[in-house]
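The values are calculated or read from the model by the stated rules, or taken from the named source; none is laboratory data. Predicted model only: the values in this text are computed from it and were never measured. All Cβ positions, glycine included, derive from the backbone under ideal geometry; neighbour counts span all protein chains shown.
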Amino acid sequence: MNGRLSRFATRVGAMSFKEALHVRRDPRTLYMALVMPVVMLLLFGYGVSFDVDHLPLAVADGDRSESSRALVRAFTASGEFDRVAEVDPARADDLFRRSRAAAVLVIPWGHARRLAAGRPAAVELLVDGSDGTTANQVLAKADAIVRAEGRRLGPAPASAPPLEVQVLTRYNPAGRSAVYLVPGLAAYLLAIAAVLLTALTVAGEWERGSMEQLFASPVGRLEIILGKLLPYLAIGLVQLLLVLAVGAAVFEVPIAGSLWLVFALGLLFLVGMLGQGLFISVVTRNQLVATQAGALSSLLPSMLLSGMLFPIENMPAPLQALSRVIPARYLVHGLRGAMLKGNGLAVLWPDLASLALFAVVIVALATARFRRRLA
Amino acid sequence: MTAARGAGWVRLAAVARKEWLQTLRDRRIVFMLVVAPLVQTVLFGYAVDFQVDQVPAAVVDGDRTPESRLHLRRLLADGTLRRAAAFESGAAALAAMDRGEVALALVLRPGFGEDLLAGRTARVQAVLDGTDPNRATVAGAAASRYFGERAAELAASRAGVEPPLRLVPRIFYNPSLRTPPYMIPGVLAMLLVVVTTIVTAMGLARERESGTLEQVLVTPVAPMELLAGKMTPFLVLGLFDVLLVLTVGTLLFDLPLRGSLPVLGAGTLLYLLTTLGIGLLISTASRTQQQAFLGGFLFVLPAVLLAGVVTPISSMPRALQLVTWLDPLRYYAELSRAVLQKGAGAAELWPQLLELAAFGIAIFGAAAARFRRELG
């Protein structure tokens, strides 16, 4: 029994060694597997933010009074809007089509007179609604500015405001996007690299015809699968370390919980993703098809259905159900819990269990579908 | 001369026919070129929703008066927040936030209703889960706006005056601010670059691996004819994918088609010239399919990110905004959005068309020159 186990370990080790040699001989692969995540992390960390300021605002001032200019100044002084042009309101459409302005502030003639008479003065805001995120921010910001300006113009407020809301923010009080994104990105980058690198390996053996030589050797199915998995697992763990290190060093992403828990989550996720890549590779036996299938099955779900960027609870029910079989969902939830909220095993064990289940099932499937037969 | 040119066309057509057959014969590739775009359009259309609504909120009503119930009900009725749970104590609500069950806790202390009726300042506490800053901002703003409006109303009714300034918004193009009409043109830009760049890069690398490129060179086919013939099927498939996405977009997501479709078609052709050229450049720089694939990815991922497909370019730092000027995806995403949503035509979009043309000619020209030198 012991002898069989040690022979098994020797053959898995030999397969891993062979695979590691492949990777080492082609340093470009390694370079890209390790440089790409860092580049992506920096790009995402600096580039992805939904918070817009200096929005281009065109002004149609039909009043040209001290009061109308004061209102425009209130818009630009906050830094939220930049005044880009003076237009005729009828030409707003033209500005929007050329993407020169996100909104047009229309102050009608008689603005100052109405204010002076103590009558309410309405100003119109034309908003380019083609980009919903930006339009929402334009609306919220303009609303706050006009409200503040109204308070300034209005009668002196009563001694105490009748209602007051106190807002406290936990976990990420500064509201930095990077803190939110890095755990999600870790899942995304690990999924891409792990699925795609392994998707190519077995398919490549079939294409080059070296699979036949492997069949002639005493190496078994599970041994081939595990041997191919191990070197990429090592690369994946290095990637995880890199992502965490860059996240902590550049974007000051905290690790509030246990580092061991973070690595346990990452390890289980990686085994699952590598297994998924191998499964695709075993089924397609063609590098071109394997990469497209790998990209489709790893990149899209890990970005769209994992909750990395878009909250799962806002999706339609069938997609919410689908997201339950996406391992990235559990990793994103687990990493955010462990890194930002400091959650422990008591809260995160369902994530660990789901990731482990996926890993076992997918490696078993890949092994079962892997036939030691020639096509 | 004319005979030579005629023969050139015959050879080009023959290569294109052979490539077309070879591509179509591999069912799996066709599947990827047709089904993948469908899946992406549907996924992006349904899963991506920038509108933050139905944020799960926990309610801790320590007051239990008609006033506290009235304000909680009205705040939770506007759709931004959703009542997910009610707790007896603030600590229980915070524990639910730790588990991720709620993203906002509204705490009303005993005495809220009494303070309000007596004219003292009634205080409400809103505790936010800040892990998702976007959601936290919107949920916090909803609570602040609701209580701010009520406070202004109450103050005005106590003082007997109306608020002096009022903002009347009018939203163009997409009044309900739905995400799919914005997202799908972006998906189009992303999809075409993934399909054409990576498939071209890997397809040519595969021919180099198996040595079939050299075999074709023994035949009278010139390198440029070979190249044009190889690119034609992808050009056709790219245009087909555009039609497919537009059809699915209009049927499932009410994507408007307001502008000039010829401008969109011209933009697509120029854009495909760029993406195919990049695929070709990558294939000339790599020896194996794996390298070609990774090279393709190294280009595609940042290019998609910098195109403003997922997040607005105007929210990026200045330095990155400058880099986006070098991203052909940016111009194509702008063009398709302006044509489909805003009804723009050549009069407004000539800068984008010009930029796409410049990229297309420069990149494809450089790639073709490299390809020729390599084979010549």
- In segment A:167-190, how many residues are small (Gly, Ala, Ser) and at the interface with chain B (Cβ under 7 Å from one of its Cβ atoms)? 2
- Would you call B:THR65 modelled with pLDDT of 80 or more and within 31 Å of the chain's Cα centre (by Cα)? no
- Can you name the residue in segment B:306-346 that is in contact (Cβ under 8 Å) with a residue 24 or more places away in the chain and in a loop (DSSP other than H, G, I, E, B) and, of all such residues, is surrounded by the fewest Cβ atoms within 10 Å (Cβ to Cβ)? B:GLY343
- Does B:VAL60 fit the bill of being surrounded by 13 or more Cβ atoms within 10 Å (Cβ to Cβ), within 30 Å of A:ALA290 (Cβ to Cβ), in contact with a helix residue (DSSP H, G or I) (Cβ under 7 Å, 6 or more places away or on another chain) and of a type in the set (A, V, I, L, M)? no
- The strands (runs of 3 or more DSSP E) lying wholly within segment A:51-126 that contain at least 1 residues that are within 9 Å of another protein chain (Cβ to nearest Cβ) and surrounded by 15 or more Cβ atoms within 10 Å (Cβ to Cβ) are A:55-61, A:103-107
- Residue within segment B:30-43 that is touching a Gly at 6+ places or on another chain (Cβ under 8 Å), closer than 30 Å to A:ASP351 by Cβ and either within 10 Å of chain A (Cβ to nearest Cβ) or surrounded by fewer than 16 Cβ atoms within 10 Å (Cβ to Cβ) (or both) present: no
- From B:ALA357, B:ALA362, residue being assigned to a helix (DSSP H, G or I), in contact with a Leu (Cβ under 8 Å, 6 or more places away or on another chain) and modelled with pLDDT of 90 or more: B:ALA357
- For segment B:61-78, enumerate the residues that are within 13 Å of chain A (Cβ to nearest Cβ) and under 25 Å from B:GLY100 (Cβ atoms). B:LEU72, B:LEU75
- Message: Looking only at segment B:108-149, how many residues end up being more than 7 Å from chain A (Cβ to nearest Cβ) and aromatic (Phe, Trp, Tyr)?
- Response: 2
- Residue check for B:ALA201: surrounded by 20 or more Cβ atoms within 10 Å (Cβ to Cβ), touching a strand residue (DSSP E or B) at 6+ places or on another chain (Cβ under 7 Å) and not in a loop (DSSP other than H, G, I, E, B): no
- Which residues, counting only those in segment B:80-108, are among the charged types (D, E, K, R), surrounded by 15 or more Cβ atoms within 10 Å (Cβ to Cβ) and touching a strand residue (DSSP E or B) at 6+ places or on another chain (Cβ under 7 Å)? B:ARG82, B:ARG83
- Among the residues of segment B:186-204, is there at least one that is more than 7 Å from chain A (Cβ to nearest Cβ) and free of Cβ contacts under 8 Å to residues at least 40 places away in the same chain? no
- Being assigned to a strand (DSSP E or B) and not hydrophobic (A, V, I, L, M, F, W, C) is the filter; apply it to segment B:39-62 and report the residue that is farthest from the chain's Cα centre (by Cα). B:ASP61
- Item | Qualifying helices (runs of 4 or more DSSP H) (wholly inside segment A:280-340; at least 3 residues being surrounded by 19 or more Cβ atoms within 10 Å (Cβ to Cβ) and β-branched (Val, Ile, Thr)) | none
- Task: Go through the residues of segment B:2-15 one by one and say whether even a single one is of a type outside the set (Ser, Thr, Tyr), out of contact with any His (no Cβ under 7 Å at 6 or more places or on another chain), assigned to a loop (DSSP other than H, G, I, E, B) and at pLDDT 80 or above.
- Result: no
- Message: Considering only segment B:150-158, I want to know if a residue exists there that is at the interface with chain A (Cβ under 7 Å from one of its Cβ atoms), in contact (Cβ under 8 Å) with a residue 24 or more places away in the chain and either in contact with a strand residue (DSSP E or B) (Cβ under 6 Å, 6 or more places away or on another chain) or closer than 30 Å to B:LEU239 by Cα (or both).
- Response: yes
- Exception for A:ARG11 within (1) among the basic types (Lys, Arg); (2) at pLDDT 85 or above; (3) under 30 Å from A:GLN137 (Cβ atoms) falls at (3)
- Six or more apart or on different chains, Cβ under 8 Å: which pairs go from a residue in segment B:115-127 that's under 28 Å from B:ALA95 (Cβ atoms) to one that's among the charged types (D, E, K, R) and assigned to a loop (DSSP other than H, G, I, E, B)? Could you list them? B:ARG123/B:ARG109; B:GLN125/B:ARG109
